[in-house]
Amino acid sequence: MDNLPTKSRYEKTTTLSFSRVGAILFIGLLLALCSRPVDAATKIVTVGDGGFFFFPSSVTIDVGDTVEWTWSAGGHSSTAGTPSQPSGFWDSGVLNQGATFSHTFPAAGSFPYFCSPHGACCGMIGSVTVSAPSPTPTPSPSPSPTPRPPSEAQLLNISTRMRVQTGDNVLIGGFIITGNDAKKVLLRAIGPSLTQFGVVDALADPVLELHGSDGSVITSNDNWKETQESEIDATGLAPTEDAESAILMTLAPDAYTAIVSGKDGTSGVGLVEGYDLDQAADSQLGNISTRGFVETGSNVMIGGFILGNGTGTTNILARAIGPSLGLVGVNGALADPTLELHDANGALIMSNDNWKESQQAEIEATGLAPQDDLESALLVTVATDAYTAIVAGKDGGTGVALVEVYRLP
């Protein structure tokens, strides 16, 4: 396999993907930390707004508070439990656009939930954390200082490399900005400069589009020097070829899609990248995924992520989804995907063909187990570093696949 750009090793993360027309095929865990109300309150969660996800997907409330789900799109449910094990605490049933459903939480605890049609195949899940009332503090002597525990690492930079085709088989990458603050990010679509790293048939003139969670185009770029040249230069991350694309923006917490295509319907190997340029903000790049057509040899799907800005380890779940994409209307889905996880030096950390072969119980406990037995998943605890996830078809199979990385609590 050819060498990847050094920068890309430290900018990769894998996502969730969207269709060309704005149907987002991914879900991340959005961390929306709510202030504690004095009286009982109602938290609003939108359902299916622009794709297969709840927004925010994680809420924290007090005992006695209510969560109200509002349907922005039809064909979804709010069902307590996990896709593999419904709990029975509540079930809205599959509702249409404009519907609402409420549930009041009388006791403290953590309550996962999912969409019954799309939880297993597309990761459409959420969670409600109900905090117990704080007891009245009792005066006590000041304890001796204890060392600060290691902080969990963040997903800092993301990228995916694969062959960009046409139509629905362009390179479709998704990411979520979680937290409270807006985040300054740089997105790049790289093509011709890949040849210096041994990549054959690089995309000659990539075009980059940024879409919002409602599928609308926020902005687009063909050649990066056309606009924002001085601002992009100042980041130190300007593309090395004028025909490559870049977008520099400050984005509010939400879900976004980056679509890379070839100008005038051309095809070739391309790389989509996202850089976190404001790691001090109270927000971070959340879970990510990419969807595209997996070929063979060097044209398999190569996704990466970097963990940093922390000192502890982080739990990561990586998935390679293929056959279950057919359930959401994707034609030509990869019949039997395989998944490999590599470290920054290219060494193989772990691999999986069918997710139930190993770690079945652990993966099911996350609530994110793949729906089809032929799909792949890896659950690992990793330190701050760069990692690469490679999705291929078993025995040289080809087809549309989705690679995902979830940062778990």
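The values are calculated or read from the model by the stated rules, or taken from the named source; none is laboratory data. Everything numeric in this text was worked out from a predicted model, so none of it was measured. Cβ: placed from backbone, ideal geometry, glycine included. Neighbour counts: every protein chain shown.
Assorted remarks:
- Within region 260-289, considering residues that are among the aliphatic types (A, V, I, L, M) and within 25 Å of Ile316 (Cβ to Cβ), the one surrounded by the fewest Cβ atoms within 10 Å (Cβ to Cβ): Ala280
- Only strands (runs of 3 or more DSSP E) whose full extent lies in region 293-397 are considered here, and the ones with at least 2 residues that are crowded, with 22+ Cβ neighbours inside 10 Å are 301-308, 314-321, 337-342, 376-382, 385-393.
- When Gly346 is tested against (1) over 18 Å from the mean Cα position of the chain (by Cα); (2) on the phi < 0 side of the Ramachandran plot, just one condition goes unmet, and that condition is (2).
- Matching residues in region 398-409 - criterion: being within 10 Å of Pro337 (Cα to Cα) and outside any strand (DSSP E or B): Thr398
- Test: residue in region 75-86 that is part of a strand (DSSP E or B), over 30 Å from Gly326 (Cβ atoms) and at pLDDT below 75: no
- Hits in region 172-190 (condition: under 30 Å from Gly332 (Cβ atoms), at pLDDT below 90 and among the hydrophobic types (A, V, I, L, M, F, W, C)): Ile172, Phe175, Ile176
- Close Cβ contacts (under 8 Å, 6 or more residues apart or on different chains) running from residues in region 89-107 that are among the acidic types (Asp, Glu) to residues that are assigned to a strand (DSSP E or B) comprise Asp91/Thr79; Asp91/Ala80.
- Within region 156-226, strands (runs of 3 or more DSSP E) holding 2 or more residues that are in contact (Cβ under 8 Å) with a residue 60 or more places away in the chain: 171-179, 183-190, 206-211
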